[in-house]
Each structure stands twice: as C-alpha cells, then as structure tokens.
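Trainee: What follows is a structure written as structure tokens; I'll ask about it next.
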Amino acid sequence: MPAAPKSSKRIESGFIAGGIIVLVAVSGYFVGLRQTNSAISMTRPVSVVRKHAQSAHAEVKDVPVAVRYIDQDWSAHGSNAQWRNSLVDFQQFPDAAPGQQAAVPLEVKMAALHARAARRAYDGAPPTVPHPITQDSSAACLACHGQGLQVKDRFASKISHPTFGGSCTQCHVPSGGAFTAADAPVLAAALTGNSFQGTEAPPNGPRAWPGAPPTIPHRTLMRSDCMSCHGPKGLFALRTPHPERQSCTQCHVPAAANDQRLFMPAPPLDAAKTTTATPAPASDPAPAPLAAPPPKP
Amino acid sequence: MRLTSGLIISVTRDDEAAGLRAVLSARDDVTPGEPEGRWLPAAIEAEDDARLRELHDWIASRPGVAFVDVVHVNFDDSTTPEPLLNPLP
Amino acid sequence: MIQRREFNRMTALAAAAAAAKARAQNAPAAPAASNDGIAWDKAPCRFCGTGCHVRVGVKNGRVVAIEGDQLAEVNKGLLCVKGYHVGLALYGKDRLTQPLLRRNGVLEPISWEEAVETISQKIMAAPEQFAIYGSGQWTIPEGYAANKFIKAGLSSNHIDPNARLCMASAVTGFLSVYGVDEPAGCYDDLDKCDVLILWGNNMAEMHPVLFSRVIDRRTRGERVTLIDIGTRRTRTSEFCDHYLEFRPHSDLAIMNGIAHLLIKKNAFDPKFVEKFCNFRQSPKDPAASPTAPLNGEAMSFDDYKAALEPYTPEHVEKLSGVPAEKIRMLGDLFADKKIRITSTWCMGFNQHSRGTNANRLCHGIHLLSGHFGRPGDAPTSLTGQPSACGTAREVGTMCQFLPGGLQILNEEHRHEAEHIWNVPQGRIHPKIGHHTMLMWERFCTPAEKGGDIRTIWVQVTNPGQTLPNLHRFFKAKAGQPDKFLIVSDVYRTATTELADLVLPSAMWVEKNGMFGNSERRTQQWFRMVRPPGEARDDAWQMIAVARRLHDLGHAGMKDKDGRFLFTFKNDKGEEVPVWEWPRYYDVNVDKALFEEYRLFSRHKHKDLAPYDEYVKARGLRWPVVQQADGSWRETKFRFSEFDDPYVKKGAEIQFYHSVTKDDKALIWFAPAEKAAEEPDAEFPFWLCTGRVLEHWHSGSLTRRIPQLHASMPHSYVEMHPEDAREKGFTNGETITVRTRRGGLRLPVWIDGRGHPPRGSLFIPFFDERLLCNDITLGDIDPVSKQPDYKKCAAAVARA
C-alpha cells in the first residue's frame, strides 16, 4: 500500500490508524457520490405526488389503515428480492482463505456463463444492469461496484475497467426499463424480434500441457482488471483458485488476435476491394483552387 | 492473515536497478535483494490480497520498471495476533 | 511470530533472487497466439455525429461482435451503449427484403426492374416536379451520386437533406462568420480546454463518448470546469460545476450580456479584434439581394457597442432568468485570456427560430474575447448524424449548394461544377431549389393550389416521424392520388405508412461507405456482410434509375461527350455496367465516386486525400494536404498558422475565405427576441422535444435492438413535480399534451431522466407510436430555414 507510513515501528497501530483514515475517506467519498448535485444544492424539492382523491380534505371513514413503509415486506419485490434491508446483513464477509480450492463442476460453470451471457448481447458487450438505477447520476454506481460488494448472496462485481469510470450509464443501461408507465404492457411491446446471434464466451482457454496455466480465452479490452470477474466478488464459478497471486497476466496470456495488437483486415468480400474503378469523365485536370498558397514544407 | 510474495522486477536499463533498489528499501513492506542485470528480486508483504495488489501495482508504476513478475507466494493464516513490537506500557 | 514472518520474507526473497538470476541468463519465449475464427474490420459507428470507430467481428457471413477501436483517435477504444449494440441494427426480423408497390392501398412485392421502371416513368413525366429528400446518414458517395444525378442530370436543385432539420443554422452561422462552413477546432480542444461551456447540449446522453473524454480528464486528476447552460436539468448537469437555467429562447440575451460585459470592462481582446474581425448586423432590407440575409450589413465598432448597451447583467437576468452574478461569472471567464474556453452546441442552438443568430453570437463572444485559434479555445458545433458534415454539408446535398462548398447562386461556381462533371455550360439550374420545409409543403399541397412537387424520393431518413407539425407537412399527403412517395429504407417506418413505393436498402457494413463526422474527419469502410434478400445499396438504386432514364432518352443523363453520367472503368480500362446489380461490386464504385468528388474539395480548401489513404486511416481531418515527401497530413486547427498550411507565414490567424475578402471574420450583433409561440393562459407550458441516450433519432434502428428497447421501451412526457401535484398527476399516469396543432396521450414521468423547471415539458421523439411531432410548431429560422423543435406552447390534462 503506497500510503503506508514509513519507518514507524508501530506498524500495526499505524495500519489501524491508516485504515480508519482510509475508511472514513472512502465512506465520505461514497456518501458524497450518493448525493446528486441537485440534492446537495437543494434546488429540486423532494416531494410526493398524490392523487386528488387522497387529499386530506376527503372524509376518512371505514378506510383500512395502510401498512407503514417500514412494515412492508419489500423483499418480495423487484430484482433485488434476495436482499435484506437489515443493516447487520450488510457486513462484508472475509474473502475465502487463499490456497487451492475445489474445482467447480463443468455444469456449474456453464450455468454461471449462461447467467452471464443473459445480460449481454455478445461476449464483450457491456452488460445491462439487472436492478433499477438512479436516473440522475451514474457516479452512485461506484458506491457498490467501485470495489465490489457482497450483500447476503448477491454480489456487486467490481468495475473491470477503472480507467473508464466517469459515466457508467453511457454504456450500461437498466434491463428492466428506465421507467414504468401505468400502461406499460402495451407501450413496452417490442417492435419485432431480432435475429442477431452474438459470440459466446469461450468456457476454457487452451493449456500447453495438462497442468499448464490456461491462456486467456476472451478479449481483454475493457476487462483490464481480471479480479472483476475472477476475484472473490466475481461470479462464483469463474473465481480464481489462487487470488493471492496478484499478477494474473504473468501466467495467463491473452492471444494477440483477441487484443487488437494484431490487426488483421478482414478478407475481401468483393473483388471491388482490390479492383480499382476510375470515373470515366475526369479527363481534364481539376481546376486550381482559388488563391491557394502552397503547402508548408 | 499476512501475505508475502517474492518478485522479480524487470527494469528497462541495467543502471536503473540500483536507483530503484534505494527507492524500494525506504519502505517497510518491501525488501529488495541484489540486482542481477536488469532484474531486481524483492520480497513484499501486506495483510491482505487487495493491499498486496496495490503494492504490486505501485512498484509496477515506478519509472523505469518494465514488468513485475511473481515467483513465490506465502500466506500465513495464523489467527494468533502478533504482539506489538513495542508493547504499550 | 516475528521469526516466522521474517522467515517468510526471506524465503520469498531467496526464491525471487534465484529466479532473477535464472531470468538474467535466459532469452524471452515467444507468446502464444490463437484465433477464434472471427474476421475483424474497421468501420465508423452507424449512429451519431461523434464518429467513433468500431471493430466489427464477422463470422459465417454475419456480424457477431463489436469492439471499440483503440487505434481511433476519436474514441480510443471506448463506445457508448448504442455503439456497442450497433451490429444488432442489421438483424431486426422485419428487415425489408423486396421492393413493394402500393396497389389498392396495400404494399405488394414487385421486382426491382418494375420498381426502377416506375420511378423512371414518374421522373420522365415531370422531371421538374421530382425532388430528392436525402440524409446526413447517406454515405458520402451516395449523397454525391444523388446530387450529381439531380443537379447535373435533371438540371434541378430540388434536393435537400434531413440535415435541414438539424444542422442548417450551424451552416449559415459558419458561412456568415467565416465565409466557409464547419468548425475551425476539433475534438482535441476537449482535451485541452480549462472551461467547457455546453450551450443547451446534453452531451452525457447525446455525445457520450465525447463527454467521457472530458470527464475522464477529471479521473486523471486534471481540472476542467463544466458549465451547463440549458432549459432543463439533465444527466449532463449533474457532472457540471455550474448549471445556468434560462428561459427558452433567451440564450441570445445571455450571449449579448457576455459581449456587453467584455466591452464595458474593456476586457475584450483589442488586438485580436482589430487584426482579425469586422462587425455585422442583419440587413434592414433582407430582400435586397439573395445573399443579404446571410451576409448582413456592415456596422462600426461604435454601433456595435451602442447596440449592446442595453444588455446589462440585470437586464439579461430579467430576460433570461439567469442571475446577474452568473452572467458576470461568464463575462469574467471570457475576459480571462489565460484560460482556454471551448463552447459546444448541437440542437439547442440549431433547432431555434433564431438559430443562425444564436450560432453567430456564440462565435462572436469567442472572437471578441480572443478565445479562438489556440488548442482548447474554440466554438465548436456538434452534429447529430454520422455524415451530416460529410454528406449534407461537404458534398452539398442541399438545395443551395454544389459539392465542396460551391454555391448554386454563384455563376463561376456553377461553371466549375459543370466543368468537373463534363456537362455543357448552363446544365446546372441557376435558381436554388426547394428547401426541406418548402419541399414537403408543396408536396402536401394539391397541384392546382400551387403544389409544384409531385414525386419525392426519400433515402435513409424518416420524415414521417421527424418533420415538425406532421399533420401539415407530411400527413396531408394522404388522399392525393397524383402525389407519389418513394422511400428507400431498411425497415418499415412512419414514412413508409404513406409510401407508394418502398425500396429495400443495404445498410452500414452491408455496403462500402464513407462518413464525415463533426470534426471534419472523413472515414471509410468496406462491405463485410451481404444485405438480406433483395436489399441493395442506395447509390446503386440512384445509378440504376439514372441508367434507365438514359436508356429512355433523357438527354441530361449524358455528359457533353455523350457518355452516361455514371461511367466507371475497371483496372483494365473496360467500362463496367454497374447499373446491373450483379456487376455493382465488380469495381469499387465508392472509390470512383469519391475520387471524382475529391476534385471539388480544393476550391474551399477542404482538401481530401485519395481514397486509399482513408482505407489505411481511422479517418483524416480535412484539409488533408500532401507533404513534400508524398505523405498526407491532416489539419486539426483551421485558420491557425501553427497548424493550418493554408495560413500565410506570419499571419498568426487568417480567415482565408472571409466574407469581406480581407481575411477577417465577422462579429455579429443580433437582438434577443421573443419566440414565435410563447405560453399563455390557454397553453401555459413550454414544450421541448429531443433525444435520449438509448435511442437514436426516430428509433427505427434502436427500437429493434432488444437491450436498448428494454431500457427505454416507450416515450413519455417529463414535468416538474410541483406542476404534477397541482394537476393531480401521478408518476406513470397517462395524460394528454395539447398544442394548437393537436393532442398526444402519453405517460408522465416526474423526477425522471431530466428535470424540466416549472412550466416546462419535455418529450423525446424516438417513439413512432407517440409522435410528438404531431404537435410541434416548426416555426423556421428566416436565414437557415431550419425549424424550431424546442419550443411551443402546450397544455396538459388528465387523459
């Protein structure tokens, strides 16, 4: 850790103090992120819109008492149904102990890949977001996805391309719709189907010999942080059995063809790609441009 | 839990290894060894995986460093807390 | 414990030292390589004017993956959600695959021969009543073929692109300030500016890759101040340091306020102004000459100062609602020569019934303050379509232009075009044609009432959804049997609803193509997959009809040597009958058309490189000038001596196409004016329309992409929560929005993606089932003829 105090003999207490500072700084940062500019500057009043029929002037008689928000069982709703709105559950479990872990059965791995593919148009496409998001500010995404987060049995994966962290919603859109209208079933009907079939994620990278480290079978653009998927907060079946080895690409090499390092133009589909055509009437030289000074050397 | 790794740091030119060694030896959590040409061995330690990675990335981002390769990993999952070096009175 | 830790460390170090020793003695091993059978090729994205390059992965004749191109300077490997899903646009299950002719009200399949014959007969019957409605999504060669076909072949100038609805005011802005179209700066300004002012420009949703190019500078620890000046709080506002909300149509007052402060505080740049600028205002008599509205009349610096006199910060606050101290803040920023200021704008300025003036004033404050001509100091307009600059503006597919920035009204320019096209002098009609709004109005008007357009051929655009006030400008065509609408497209759209003949087109990587983006960058790609069914290239369709007219004896289809206008030879010098579809790809027709078009490009110093240079590059920014060593060099900063080879040595800045012929640009004065229709007691709301991140323009492509559709499945109307509370609307409830043109039922979204202020509504236009253009006004700018989609008066009621 670059911020660790130098030549202090109280290493542990230094670490604890440093840890607290970092923790306060990080949580302060995320609290800040959660507030949008408009919320901070109080330019937009927060208000609840009610129907006229429910206004206070109406005489209340024999009306069943509404369940308070806090008493409602929200766990049965939405894509985050497995989450629990209980603070004690938000504690982070320690990562699994390092060391060789049991191999994941192939069918479990395939199921995990399938679940992963369901959120992507093709392997390499930005995944859609399986939960509702705030429309205002994409920065709130990083509160959970900046470092990865576990809430009960749900995992918020760590951002795999931290250098592009500015505007999440530019590429990641909610799969459940940004907004649901009252007559959504009619309005949301798709125009037509789409017959696009994208590339699938390859299940395994080839090994040079049994026991050799597998090569990276997928493209790595926008996936520079391997730990996003393969780390302790990644998809269960895709996690590395040796997270303590911090330099993944030292042993697992990406193929140049997958990596834009080897740009091979596609083979010509048409003769036209190699056959030149000339416009027939261009017999005379072009007229000189008006008042064109000669180009600089 | 405490993790210790052995690294080979490849520098871009032979004469950079010594300077890098001085920079690294100023830190408690890095123990550099004797350089071999463009390659400088070092041991690093941290209390968890994430910090170890950060340290690794920090070394990799030093000027003149071409690669940082891991050749050895040791983890100590003993749950007994270590005594403070200088116990409080 | 200590010992154990020490032991661990020593073990690790020993292992590392041993390995280092071994490493020092070994040679590196060669990396393994593998290929999963996907062929990759480059193409610019099909959607907006940013001009990102994508890598297209093709396997078994189909597009299977898309990747951001790391070699592309524009996007450096990043895309937006539309770009990542652009490949899916080809595979909607209802692609048009055969020509369809309307018989007894029903579109029935016909052959291509029949389709080409039908169009040719319509044109032969009345060539002067035929018009082409084109697009900023045409490729450069497609637009060039259409332009040559109608202007050189039919001696008619009734061709206009949808860019009239989108960029026309930017064009007249550039022409009247610099005498030549398109921005002097480029996207590099976004990397260098200290302050970025977004004038009514929701960049986070509309040009996301450019936006993150700026935002990511902050991630790297750089300081850049973002100022959003808009009429509605958007995603972009949330990233901005300042959000200045102004009353719709009062942006001219804000810019006058800045100029006022620069003059009052003597904080303008006297050296820059004296050396490089003259002053102009609108002519007292716009009808004095055809060029009077564009070029205006001269005014002295003293007159200019006097005209600005009333625009004190307090007065501007009264007009715009922006606090006087914020106007002062803007004035101070422009007064500071040490910082670099880039302004960007798109539809906020352009779709504005004073759009030309809005563009002029923005250039004006940059020129007046000297914030011009250094990297990061630039007024830059952005485009919404991938080739609005390339095809609509540079190829000149507008009713008043010829290719390369030449003008129909200029006799010399016409002769130059006739020379390049090898047609007799006088072939090009000297009168400008019908602009978009006039074209559609005349098409919707019965012949006996002056409707002098009988047939329109629409390519690559969807006017049935995107024209304003659709009842008047499009839907009135229904029930007029003598009017004939031809539509070339890839899917059924709101336009094909009224079409008499529908032609299935090839799209994007199903054909060769070239685009030109917002920063003067010309891009090229090859066809990678075959189009479905009988779908064919738009350029082929135009050439096939031209050939049929030639065979029917239309004299205009021959040049002065009696040869067909579109004659191409292969490597062996043999003529190839490209009008026969199976022979179309025997030669590269795109290359031939481009090489011919290139001859026009030097006149206005918009020099283009040979086609093969673009094959190698990820686009090049014109002027692309050949160097002494034979290489081709692009130009990033036009008119600046340090980069533009056409600027005289020692000139520093030279506006070499100056309207006043003295190498000076024009600083305009234009007054703040009221909008054509403002809210009143009956229609108390402002209504604004626009786009959303997920959908591109009329949504005919993006609504067929499952991921984009799922995220944004339908349109809506945004309103302020207080207004909704007063009306008693709940979130998601269907309401009716009414204007003087009609009504529209759609759900209301409160505190949604955008946040309009009180008394303001916003509706996106992508949804063809909820056509907001049924109710928009479409009042046009008098100079550019571009309609205003951003403001009219509306009322809301429970549905």
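The values are calculated or read from the model by the stated rules, or taken from the named source; none is laboratory data. All values reported here derive from a predicted model rather than from experimental measurement. Note that we place each Cβ from the backbone using ideal geometry, even for glycine, and neighbour counts take in every protein chain shown. Calculation scope for accessible area: heavy atoms of the full protein, side chains included, ligands and nucleic acids excluded. Shrake-Rupley method; radii C 1.70, N 1.55, O 1.52, S 1.80 Å.
Trainee: Along the principal axes of its C-alpha atoms, what lengths does the range C:310-356 span, in descending order and rounded to whole Å?
Mentor: Largest to smallest, the principal-axis extents are 31, 28, 16 Å.
Trainee: Further, regarding this structure: Mind checking how much accessible area C and A bury in total, 1.4 Å probe, in Å² rounded to 100? Could you put the intermediate results ahead of the total?
Mentor: Details: alone 29790 and 24060 Å², together 44480 Å².
Using a 1.4 Å probe, the pair buries roughly 9400 Å².
Trainee: Here is a further query. Amide H neighbours of C:Ser343 under 5 Å, at least 5 residues apart or on other chains, H built in the peptide plane: list them.
Mentor: C:Ile197, C:Ala378, C:Thr380
Trainee: Taking the Cα atoms of the range C:571-691, what is the range of coordinates along each of the three principal axes, in descending order and whole Å?
Mentor: Sorted largest first, the three principal extents are 73, 51, 26 Å.
Trainee: Let me ask something else about it. Could you bin all the Cα-Cα distances of the range C:39-91 into 5 Å bins starting at 0 and give me the percent of pairs in each, rounded to whole numbers?
Mentor: 5, 24, 34, 24, 10, 3, 0
Trainee: Could I ask something else about it? Please give every one of the lysines within straight-line cross-link reach of C:Lys305, meaning a C-alpha to C-alpha distance under 23 Å, and leave out same-chain neighbours fewer than 8 residues apart.
Mentor: C:Lys305 reaches C:Lys264, C:Lys265, C:Lys271, C:Lys275, C:Lys284, C:Lys318, C:Lys326, C:Lys337, C:Lys664, C:Lys674.
Trainee: List, largest first, the extents of the alpha carbons of the range C:515-649 along their principal axes, each in whole Å.
Mentor: Computed over the Cα atoms, the extents are 55, 38, 30 Å.
Trainee: Counting only other chains, what is the mean number of Cβ atoms within 10 angstrom of the Cβ of each residue in peptide C:215-222?
Mentor: For peptide C:215-222, the averaged partner shielding equals 3.
Trainee: In units of 2.2 N^0.38 Å, what is the alpha-carbon radius of gyration of the range C:533-573?
Mentor: That ratio works out to 1.34.
Trainee: Please list, in chain and number order, the residues 5+ apart from C:Ser784 or on another chain whose amide H is under 5 Å from its amide H, with Hs placed from the backbone.
Mentor: HN-HN under 5 Å from C:Ser784: C:Thr356.
Trainee: Would you mind putting C:91-104, C:222-235 in packing order, based on average other-beta-carbon counts within 10 Å, highest first? Before the final figure, lay out each step's value.
Mentor: On the way: C:91-104: 16.9, C:222-235: 20.6.
Those peptides, ordered most packed to least, come out C:222-235, C:91-104.
Trainee: Now, a different point. Can you tell me which of C:377-390, C:187-200 comes out highest on packing, and rank the rest after it, using the mean Cβ neighbours within 10 Å?
Mentor: Values: C:377-390: 28.3, C:187-200: 23.0.
Averaged packing, sorted descending, gives the order C:377-390, C:187-200.
Trainee: Hey, another quick one. Quick one: what are the phi-derived ³J(HN,Hα) couplings along the range C:773-780, Karplus 6.51/-1.76/1.60 with θ = phi - 60°, whole Hz, x for glycine and proline?
Mentor: 6, 5, 10, 6, 8, x, 5, 9
Trainee: Hey, another quick one. Sort C:474-486, C:397-409 for me by packing, meaning the mean count of neighbouring Cβ atoms within 10 Å per residue, highest on top.
Mentor: So the order, starting with the most tightly packed, is C:397-409, C:474-486.
Trainee: For the range B:2-76, divide the Cα radius of gyration by the Kirkwood radius and give the resulting Rg/Rh value with two decimals.
Mentor: 0.94
Trainee: Shielding of C:80-88 by partners, i.e. mean partner chain Cβ atoms within 10 Å per residue?
Mentor: Mean shielding by partner chains, rounded to a whole number: 6.
Trainee: Can you give me the Rg/Rh ratio for the range C:357-477, using Cα atoms for both radii and the Kirkwood formula for Rh?
Mentor: On the way: Rg = 18.7 Å, Rh = 17.6 Å.
So for the range C:357-477, dividing Rg by the Kirkwood Rh gives 1.06.
Trainee: Using a probe of 1.4 angstrom, how much of the accessible area of the range B:26-71 is carbon and sulfur, in percent?
Mentor: About 50 percent, which is the carbon plus sulfur part of the accessible surface.
Trainee: Calculate I(q)/I(0) for chain C by the Debye formula, one identical point scatterer on each C-alpha and no solvent, and give its log10 at q = 0.07, 0.09 Å⁻¹ to two decimals.
Mentor: Relative scattering, expressed as log10 I(q)/I(0), comes to -0.52, -0.85.
Trainee: Roughly to the nearest percent, how much of the accessible area of chain C is carbon and sulfur, given a 1.4 Å probe?
Mentor: Roughly 51 percent of what the probe reaches on chain C is carbon or sulfur.
Trainee: Calculate the radius of gyration of the Cα atoms of the range C:685-776 to one decimal place, then report Dmax, the largest Cα-Cα distance, as a whole number, both in Å.
Mentor: That works out to 12.8, 38 Å for Rg and Dmax.
Trainee: For C:Lys560, enumerate residues with amide H under 5 Å from its amide H, sequence gap 5+ or separate chain, H modeled in the peptide plane.
Mentor: C:Val423
Trainee: Also, quick follow-up: Once the mean 1/r over all distinct Cα pairs of the range C:39-150 is inverted, what Kirkwood radius in angstroms do you read off?
Mentor: One over the average 1/r among Cα pairs gives 17.4 Å for the range C:39-150.
Trainee: Additional query: Per residue, how many Å² of accessible area does chain C show with a 1.4 Å probe?
Mentor: Working: 24430 Å² over 799 residues.
Ligands and nucleic acids excluded, the result is 31 Å² per residue.
Trainee: Taking each residue in C:586-596, count the Cβ atoms of any other chain within 10 Å of its Cβ, then average. What number comes out?
Mentor: Rounded to a whole number, the mean comes out at 5.
Trainee: So, one more: How many Å² of accessible surface get buried when B and C come together, counting both sides, probe radius 1.4 Å, rounded to the nearest 100?
Mentor: Counting both chains, the buried surface is close to 1900 Å².
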